[in-house]
2 protein chains.
Amino acid sequence: MTQRTKRVRVRLSGARVTIVGLGLMGGSLAGALCGHCRTVIGVARRAETVEAALARGLVDQATTELAHGVSGSDIVILATPVRVILRQLSEIGSLLQEGCLLMDLGSTKAQIVAEMQDLPPHVQPLGGHPMCGKETSGIEAADPTIYRGATFITSPLARTSEAALALGHELVRAVGAHPLVIDAARQDYLVATISHLPYLLACALVSTADATTSADPLVWKIIAGGFRDTSRVAGSDVTMMVDILLTNREKVTKAVNTCIEQMQRLVCLVETGDKASLRTALSSIRRKRREMFP
Amino acid sequence: MTQRTKRVRVRLSGARVTIVGLGLMGGSLAGALCGHCRTVIGVARRAETVEAALARGLVDQATTELAHGVSGSDIVILATPVRVILRQLSEIGSLLQEGCLLMDLGSTKAQIVAEMQDLPPHVQPLGGHPMCGKETSGIEAADPTIYRGATFITSPLARTSEAALALGHELVRAVGAHPLVIDAARQDYLVATISHLPYLLACALVSTADATTSADPLVWKIIAGGFRDTSRVAGSDVTMMVDILLTNREKVTKAVNTCIEQMQRLVCLVETGDKASLRTALSSIRRKRREMFP
């Protein structure tokens, strides 16, 4: 433990930090970190993204070459879609310097943390999942303020040193977020219901409207706030969501099936006109929603 | 037609208007009408509501007695839950003066318009449904600005005179809303999908979280904007929603069942890990959502 702890020597203010992936989440994090560390380096696949990040002042330096971008960095953060993170984790180890803190921003954690387990021993891994975002995507949508006030889940491994975890949490606090340690399986179970299920519900709602009422031109004149809010997250980035859903298949499937059962229970009460039971069920749900968001 | 037309003599500015029901929608409408007509009278079941409406200056006069409140009025608007409206429609005819415009604010229209058909011939009926609202309810939540910019559906009957329809639309415009004529069956079909379905989806989501993840205290620390927005309308007034659902049973049941099919289609792609089809389906849905809300 003593030896491991020694490996992470820096404080955030002296750190060279590399963000791999400069989309909404990575670009925003880079911008939020400016001024909190020695240097912020961005790595993007496309040259235009590199130019945009530099032009917007979100990074101090940027490159399209991963090896160059992470070389000599104290902290490297993977801000790509989950399945790209998984591939990068299998390749990046040898490019990182001794004691480098390697974090990610992926929305599912079990597969990522399992892959992190296989990193070479000189790397300090820390799973991460900031509970914030927007429906827009790409560097154009980057907004350094999105992390402010958000909960930022971290999933340390048994091999993660206390110093590495402390440095990761210092970074989280620097961008205005609140670190919260949750193990990977538990976080995947929770987000399946509170994040991935709402996304699929929103998608099913849009899909239903498209299959039925959208044929009536008047629908666009009367579409109300309820539909807009309930369907909002259906506008989320598809590449990101496909990766999230496919790396949390079992838990997402279970959450959706539970929700379908709840819908069948409610619609049965409507169909049979069971007023008393419908009132009891809806009152209980309303009370619970108020407890969730006082 | 000529005879009917003569019956509605007033312009809004000279009208005595009675709002029956001083909850969120009725109280807000009363407040929005002040200054646009001669007198605004409120009718509420409870004396405390009468006092609150007067204290807040939402009405010129208020009473708990329906017969007294509607006597001599040029326009009467029923702003009670749908099944209360149905009962009031069967009783109110003889209390109304010759040529009185009788409107309602109920969210379902087929049953209401059918009941309006049986009103005595000296009454001019006009179904109404303003596409606005809030999750709060009661006179305390009344806000005269909620109608501004909203679409206000009107469903005239064959017996409704042109003058009565024009007066109704003048009232709609006076509170800042845009009148849109839709027949009752068509409006009930459209709102089943764009309003009642989102409500039941939000309820099923809350219910699912309650049955599963709510047992974990950490869930409250990470619950994100997606869940909050998708579940928002589950906080709607239960009395109002029970009446809406039970007076639109067939169309709501059909919309929910279509949505369950869409969810089953999407979760099947997740469960089997069919990446290409999942991406295609979610991309198409995202594009449709963007067309709906450019």
**OP:** Please give the net charge around A:I112, taking every other residue with its beta carbon less than 13 angstrom from that of A:I112, where Lys and Arg add +1 and Asp and Glu add -1.
**Re:** -3
Subject >> Expected-Rg normalisation [2.2 N^0.38 Å, Cα atoms] applied to the stretch B:2-182 >> reply: 0.91
Subject >> Given charges at Cβ of Lys, Arg, Asp, Glu: the stretch B:71-148 dipole, positive-most of B:P130, B:Q88, B:M116 >> reply: B:P130
**OP:** Report, for chain A, the % of DSSP beta bridges that are antiparallel, rounded to 5.
**Re:** 20 percent
Original post:
Once fully extended, how much extra length lies between B:D274 and B:D216, figured as 0.36 nm per residue of separation less the alpha-carbon to alpha-carbon distance?
Top reply: 17.8 nm
Subject >> the stretch B:159-244: chymotrypsin sites (Phe, Trp or Tyr not before Pro) in DSSP loop, at most 16 other beta carbons within 10 Å >> reply: none
Original post:
Treating the beta-carbon of each Lys and Arg as +1 and of each Asp and Glu as -1, no other charges, what is the dipole magnitude of chain A about its Cα centre, to the nearest 20 debye?
Top reply: 900 debye
Original post:
Once you charge only the Cβ atoms, +1 for Lys and Arg and -1 for Asp and Glu, what is the size of the charge dipole of the protein assembly as shown about its Cα centre, to the nearest 20 debye?
Top reply: 300 debye
Original post:
Gaussian network model of chain A, Cα springs within a sub-10 Å range: biggest mean-square fluctuation belongs to which of A:A55, A:A174, A:A110?
Top reply: A:A55
**OP:** Using Cα centres only, tell me the gap between the stretch B:104-160 and the stretch A:245-294 in whole Å.
**Re:** 29 Å
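Laboratory data are not the source of any read-out in this text; all were calculated from the coordinates shown. In this text, all values refer to a predicted model and were calculated from it rather than measured experimentally. No Cβ is skipped: glycine too gets one built from the backbone with ideal geometry, and neighbour counts run over all protein chains shown.
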